[in-house]
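*Asks:* Questions regarding the structure given below will be posed in turn.
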Amino acid sequence: QVQLVEPGGGLVQPGGSLRLSCAASESIFSMNGMGWYRQAPGKQRELVATVTSGGITNYADSVKGRFTISRDNAKNTVYLQMNSLKPEDTAVYYCNALRRMVAYWGQGTQVTVSS
């Protein structure tokens with residue numbers, strides 16, 4: 001069972017920046033891919049960004065050019081750098097890991113963008 005821990009959420013003003021991190025209990029080399037999803041109140045969970053084991057990234061159109069996903073294999077950690085944040089980015093953000101067709105989820109961290 002892969003454990004994913006996500007510290008790093010919080011309150012930020014519009015236009016501000018925040019970095020989320022996701023620490024895995026096992027080597028992320030073994031993961032086919034890792035990513036971030038988010039769920040706003042009353043909405044379905046949606047993909048934000050993913051990165052494959054080969055380093056290929058994918059972003060939702062709504063965050064392209066503002067968010068960057070990266071991975072530190074030595075620390076078994078994936079990051080989501082969020083810049084130019086907007087109120088509509090407010091959501092619970094979840095870390096995801098995929099290994100051999102099994103998906104693992106973190107507990108989620110709240111990000112609130114508000115003045």
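The values are calculated or read from the model by the stated rules, or taken from the named source; none is laboratory data. Bear in mind the structure is a predicted one, so any value in this text is a computation, not a measurement. When we count neighbours, we look across all protein chains shown, and the Cβ atoms used for this are built from the backbone with ideal geometry, even at glycine. Accessible surface is based on the protein model in full, side chains and every heavy atom, while ligands, DNA and RNA are left aside. Shrake-Rupley method; radii C 1.70, N 1.55, O 1.52, S 1.80 Å.
*Asks:* Given (1) over 15 Å from the mean Cα position of the chain (by Cα); (2) at pLDDT 95 or above; (3) open to solvent by less than 70 Å² (accessible area, probe 1.4 Å), identify the lone condition not met by residue 2.
*Replies:* (2)
*Asks:* Mind counting the residues in region 1-42 that are within 15 Å of residue 92 (Cβ to Cβ) and among the aromatic types (Phe, Trp, Tyr)?
*Replies:* Total satisfying the criteria: 2.
*Asks:* Please verify whether region 8-16 includes one or more residues that are under 13 Å from the mean Cα position of the chain (by Cα) and either at pLDDT 95 or above or open to solvent by 60 Å² or more (accessible area, probe 1.4 Å) (or both).
*Replies:* no
*Asks:* Starting from residues that are more than 22 Å from residue 87 (Cα to Cα) and of a type in the set (A, V, I, L, M), keep the ones in region 23-74 and report whichever is nearest to the chain's Cα centre (by Cα).
*Replies:* Among those residues, the one meeting the criterion is 34.
*Asks:* Also, I was wondering about something else. Let me confirm something: among 113, 102, which residue is over 17 Å from residue 34 (Cα atoms), more than 14 Å from the chain's Cα centre (by Cα) and among the hydrophobic types (A, V, I, L, M, F, W, C)?
*Replies:* 113
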